[in-house]
Amino acid sequence: MDFNIISKLQLPKIDLSNIEWPKFDVSMLQWSQMPKLKIGDAVARLPIIQGGMGVGISLSKLSSAVANEGGIGVIAANSIGMLNPEYYAKHKDANSIALRQEIRKARKMTSGLIGVNIMVAVDDFLDLLRVSMEEGADMVFLGAGLPIKNIPVKELREAGVKVVPIVSSGRAAKLIFKSWMKSYNDIPDAVVVEGPMAGGHLGFKADQIDDPDFVLENIVPDVIAEIKVYEEKCSRSIPVIAAGGIFTGADISKFFKLGARGVQMGTRFVATHECDADIRFKQAYVSCKEGDVGIIKSPVGLPGRAIQNQFLKDAAEGKKRKGLRCAWKCLKSCDLKTAKYCISLALDNARKGNLEEGFAFAGSNAYRVENIVAVKELMQELKRDYLVAEKAGAGRLRGEYEKALERLSALKEEYTVALTSLQEEYGKDYAAALSVLQEEYGKSLEASLLAFQDKYPNAMDKISKLKEEYSKAVDRASALKADLVAMFERSSGISCKA
């Protein structure tokens, strides 16, 4: 029998003073407006990018209207030369000529930010990139392929043109940034993450489009995690921009909570007076129903999302359009011998309102479009809905935070009571054990010590669990506090006092 066992037992010393009690007066937070979007040294008053939509859907008129409202307007370079009646005679040169004209027209209509969307996969990619630099585009959005090889990074930097690749996964973003660091000792200025709910050609396999693992809400955090590594390595801020299925100001708020710092929207801008497409093209959006928007198999070998019509039904049934002409092989993956139609021609026909000989690409939410409005009105709606969503979210967070503080208070009280109780019990048991040690030996002492040993660990376990729960509650309250601060600090007009 170890008669020194009592002296070896130690009362747990848990110091509550080292657990910071979060104090945060949420009533001091004030709202004002949407946050700005900074890409390199270019700053947009609103974090909204109008998506580039070819063929001829987003040109100088739409892009300049968006730029004038504080967003980033984007001219789509894809088959832009089809605006020129001599397209088939000038071949790919027509694209460069038309792009140059549209950038110049946009510049005359706005002093805001103008970008150019260019498909990496097209054979005149570098020509279109060169025109964008020569005409002073603020930035280029590079999709339909990975902008890795033979990118004139030095020339882009000298021209002051920001580079924003469009990706569909964290893996793709990592590959681009890693390759740029190795080849150019540089990195892109921002990243657009386009999910499977977007319109047009999609960067996903057919079986991934409706797979919950590939929803935009899951992809955005993955890309942010990959980009964070390069932000820290290069000491640069690289905003991640969410795209694909974003329709309302509440959607914008939701993706900002996931860490995005901007959004790209296409479908909403089609249904505007300033959109460069024919009114019949826009009306197709207003008239379509949810079941009308679906996935098609494009002649270029990729799935795409479009508004179903007779043209697409005929193509799906294998009917080939008569009199197909190819001005030049703009995409290696397209073979006119097997293609049912020329997709550039079909899209150009649709742009002109001839939907019997073409079709409209559209995002998954196109059926929600109810009418055609001005860009200014649309931007005001998005700002208003965003602020409503942010305030509602702040209210919910505030409620959670206050409940967390109440729980903390109860836990602290419970912990204090348990610790006091143990101290009292410990003192009585210890005195009793010493008394027995002085007067008796043998079985009486052994029984007293065993009883004490059984009781003491149980009390310690309770206190240990209380401390763990208390610490978790502190962490939860602190996290809620951080969420509240981040939510409000996204707006430059917010003051936050804690």
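Tabulated results
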item: Condition met for GLU86 (at pLDDT 95 or above and in the same structural domain as ILE49 (by TED's automatic domain parsing)); result: no
item: Among the candidates VAL191, VAL220, residue that is at pLDDT 95 or above, out of contact with any Phe, Trp or Tyr (no Cβ under 8 Å at 6 or more places or on another chain) and surrounded by 15 or more Cβ atoms within 10 Å (Cβ to Cβ); result: VAL191
item: Filter result (closer than 19 Å to ASP41 by Cα and surrounded by fewer than 18 Cβ atoms within 10 Å (Cβ to Cβ)) within the stretch 234-263; result: CYS234, SER235, ARG236, SER237
item: Output for the stretch 241-268, where each listed residue is touching a Gly at 6+ places or on another chain (Cβ under 7 Å) and within 20 Å of GLY143 (Cβ to Cβ); result: ILE241, ALA243, GLY244, GLY245, GLN264, MET265, GLY266, THR267
item: Which listed residue is over 30 Å from ASP213 (Cα atoms), touching a Lys or Arg at 6+ places or on another chain (Cβ under 6 Å) and either surrounded by 17 or more Cβ atoms within 10 Å (Cβ to Cβ) or acidic (Asp, Glu) (or both), from ASP186, ASP124; result: ASP124
item: Close pairs (9 angstrom Cβ cut-off, 6 or more residues apart or separate chains): outside the structural domain of ARG171 (by TED's automatic domain parsing) in the stretch 135-161, assigned to a loop (DSSP other than H, G, I, E, B) and buried (at least 19 other Cβ atoms within 10 Å of the Cβ) anywhere; result: none
item: Pick from the stretch 174-198, criterion part of a loop (DSSP other than H, G, I, E, B) and in contact with a helix residue (DSSP H, G or I) (Cβ under 6 Å, 6 or more places away or on another chain), ranking: farthest from ALA362 (Cα to Cα); result: ASP186
item: Residues of the stretch 145-156 classified as in a loop (DSSP other than H, G, I, E, B) and either in contact with an Asp or Glu (Cβ under 6 Å, 6 or more places away or on another chain) or surrounded by 20 or more Cβ atoms within 10 Å (Cβ to Cβ) (or both), total; result: 2
item: Sole residue being closer than 23 Å to ALA389 by Cβ and touching a residue at least 40 places away in the same chain (Cβ under 8 Å), chosen from PHE255, PHE247; result: PHE247
item: Subset of the stretch 127-144 [among the aliphatic types (A, V, I, L, M) and either crowded, with 20+ Cβ neighbours inside 10 Å or touching a strand residue (DSSP E or B) at 6+ places or on another chain (Cβ under 8 Å) (or both)]; result: LEU128, LEU129, VAL131, ALA137, MET139, VAL140, LEU142, ALA144
item: Boolean, SER235 is among the hydroxyl-bearing types (Ser, Thr, Tyr) and without any contact (Cβ under 8 Å) to a residue 40 or more places away in the chain; result: yes
item: Selection from the stretch 297-317 of residues that are of a type in the set (Lys, Arg) and buried (at least 21 other Cβ atoms within 10 Å of the Cβ); result: ARG305
item: Conditions (1) out of contact with any Phe, Trp or Tyr (no Cβ under 6 Å at 6 or more places or on another chain); (2) surrounded by fewer than 19 Cβ atoms within 10 Å (Cβ to Cβ); number of the one not met by VAL167; result: (2)
item: Candidates ASP207, ASP213, ASP222, filtered to the one that is farther than 19 Å from LYS36 by Cα and within 10 Å of the chain's Cα centre (by Cα); result: ASP222
item: Test: GLU231 is surrounded by fewer than 20 Cβ atoms within 10 Å (Cβ to Cβ) and either under 29 Å from ARG268 (Cβ atoms) or of a type in the set (Asp, Glu) (or both); result: yes
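The values are calculated or read from the model by the stated rules, or taken from the named source; none is laboratory data. In this text, all values refer to a predicted model and were calculated from it rather than measured experimentally. All Cβ positions, even for glycine, are placed from backbone atoms using ideal geometry, and neighbour counts span all protein chains on display.
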